[in-house]
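So the structure is just underneath, and the comments pick up after that.
The values are calculated or read from the model by the stated rules, or taken from the named source; none is laboratory data. As the structure is a computational prediction, the values presented were derived from the model and not from experiment. Positions of Cβ are generated from backbone atoms using ideal geometry, with glycine treated the same way; all protein chains shown enter the neighbour counts. Just the protein is used for accessible areas: all its heavy atoms, side chains included, with ligands, DNA and RNA removed. Shrake-Rupley method; radii C 1.70, N 1.55, O 1.52, S 1.80 Å.
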Amino acid sequence: MIEFKHVTKVFHGTTIIDDISFVIPDGEFVVLLGESGCGKTTTLKMINKLIAPSSGTVEIGGRDIAGMDTIALRRRMGYVIQQIGLFPHMTIKENIEIIAKMNSKDKDRMEENARKLMGMVNLDPDQYLDAYPSELSGGQQQRAGVVRAFMTEPEIVLMDEPFSALDPITRSQIQNALIDMQATLKRTIVFVTHDMEEAIRLADRICIMDGGKIIQFDTPENILKYPANDFVRNFIGPKRIWTSPEYIKTRDIMITDPVCCHPKLPAFKCIELMGRRKVDTLMVTDQYRRIYGVLFAESLIGIQDLKKPAEELMYQTFTSVSPDSSIVDLLTLFDEKHLSTLPVVDSQGIIEGLITRSTLVNTLSRQFISGKEEGK
Ligand SMILES: Nc1ncnc2c1ncn2[C@@H]1O[C@H](COP(=O)(O)OP(=O)(O)O)[C@@H](O)[C@H]1O
Ligand SMILES: [Mg+2]
């Protein structure tokens, strides 16, 4: 566990880090996110004692690191920076093993471990272990940099904009490799970036910083759904729905008071209800809001027996969706099934809401229009 307690850093009379406090539990992937100069690197460097706080304490495992041996502390950590920092005259194998060797961990298992980690980041050991850094692309070098940081089996891995210099495709591949790696290794990772996309992809929680302060520290989902203020809202950007639609949930956009009728309601009353509420579909539910079927206006057109109950006219087999499914799931369903209306039903069969084709279109267009208005 890493804990910052009221940490402040003053450089030459200027407050760079302004009273920040947070806790990172073991095994969590935290991304420090913010614009250039907001204090991300300074925060990161206070974890491995490259920078000491002016006041406040940084604790690891409940102990103030100020009193710990710096070398011993750094041995518990991996560190990856943007300027990869591989030694040009050493092979990839030598580069990867150098720090682990200094830590003199089980030397026999060294190559085995290197091969395993290289496999995780898709860097073929047979091809590259004996190659020199100059023979590798930037992306491959950074993969080697990541392997090196994980070689010592560190408790904590610090990563400062490690992928910022890579092209988008390489970057996305190496991000995926890191996600897979973390799923297996479960280290505590503190990762710095100025890129919202990257933060959303990688983080368990994102710490948004501005001017040396923490503005919001929460899961990607909560930050997208409940941005703390206009700074965060601007940082996210109004067109987020297009780039992270998986975070928009059905329950956020559904109609919460769908028009319902009892299974025994006779057809003429159903017609009256549809007319009065201006809908073309009724959810057929009992008094506990358990859904039995869906009654469409077209099933009522020209019927002879106006006393026929809703339950004999409704569709019993209907598609429904859970309130937690994403807008991507919704679009897929509407596309595949050619639906106009979709009941939102929880796991107990209780109706919670309704999605219509126009709800979806409105949600999407509202985002698009607000995006255009703000000129983004
Ligand atoms: N050694 C230093 N001396 C003086 N100012 C510094 C020093 N290191 C960083 N700063 C200043 O502190 C602020 C935060 O820097 P930094 O933590 O590197 O930000 P970030 O990583 O978010 O871009 C910047 O304004 C930077 O100029
Ligand atoms: Mg920085």
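So here's what we get for this one:
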{"quantity": "Residues satisfying the stated conditions in segment 44-80, i.e. closer than 30 Å to residue 123 by Cα, open to solvent by less than 60 Å² (accessible area, probe 1.4 Å) and in contact (Cβ under 8 Å) with a residue 12 or more places away in the chain", "calculated": "44, 47, 48, 73, 77, 78, 80"}
{"quantity": "Residue list for segment 23-42, filter: touching a Cys at 6+ places or on another chain (Cβ under 7 Å) and within 10 Å of ligand 2 (Cβ to nearest atom)", "calculated": "32"}
{"quantity": "Inter-residue pairs, beta-carbon under 7 Å, first touching a residue at least 24 places away in the same chain (Cβ under 8 Å) and in segment 157-175, second assigned to a helix (DSSP H, G or I) and open to solvent by 30 Å² or more (accessible area, probe 1.4 Å), 6+ apart", "calculated": "160/41; 163/171; 165/138; 166/138; 175/201"}
{"quantity": "Hits in segment 199-219 - residues which are outside any strand (DSSP E or B), open to solvent by less than 20 Å² (accessible area, probe 1.4 Å) and at pLDDT 90 or above", "calculated": "199, 202, 203, 212"}
{"quantity": "Any chance residue 99 is within 27 Å of the chain's Cα centre (by Cα), surrounded by fewer than 22 Cβ atoms within 10 Å (Cβ to Cβ) and either over 30 Å from residue 236 (Cα atoms) or hydrophobic (A, V, I, L, M, F, W, C) (or both)", "calculated": "no"}
{"quantity": "Candidate set from segment 12-22 (those that are in contact (Cβ under 8 Å) with a residue 12 or more places away in the chain and either within 13 Å of ligand 2 (Cβ to nearest atom) or more than 12 Å from residue 217 (Cβ to Cβ) (or both)); member that is surrounded by the most Cβ atoms within 10 Å (Cβ to Cβ)", "calculated": "17"}
{"quantity": "Condition met for residue 18 (assigned by TED's automatic domain parsing to the domain that holds residue 157, among the charged types (D, E, K, R) and away from ligand 1 (no atom under 16 Å from the Cβ))", "calculated": "no"}
{"quantity": "Residue check for residue 114: open to solvent by 10 Å² or more (accessible area, probe 1.4 Å) and either out of contact with any Phe, Trp or Tyr (no Cβ under 8 Å at 6 or more places or on another chain) or free of Cβ contacts under 8 Å to residues at least 60 places away in the same chain (or both)", "calculated": "no"}
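Here's the yes/no breakdown for (1) in contact with a helix residue (DSSP H, G or I) (Cβ under 9 Å, 6 or more places away or on another chain); (2) hydrophobic (A, V, I, L, M, F, W, C); (3) assigned by TED's automatic domain parsing to the domain that holds residue 285; (4) open to solvent by 40 Å² or more (accessible area, probe 1.4 Å):
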{"site": "311", "(1), (2), (3), (4)": "no, no, yes, yes"}
{"site": "315", "(1), (2), (3), (4)": "yes, no, yes, yes"}
{"site": "320", "(1), (2), (3), (4)": "no, no, yes, yes"}
{"site": "323", "(1), (2), (3), (4)": "yes, no, yes, no"}
{"site": "329", "(1), (2), (3), (4)": "yes, no, yes, yes"}
{"site": "334", "(1), (2), (3), (4)": "yes, yes, yes, no"}
{"site": "342", "(1), (2), (3), (4)": "yes, yes, yes, no"}
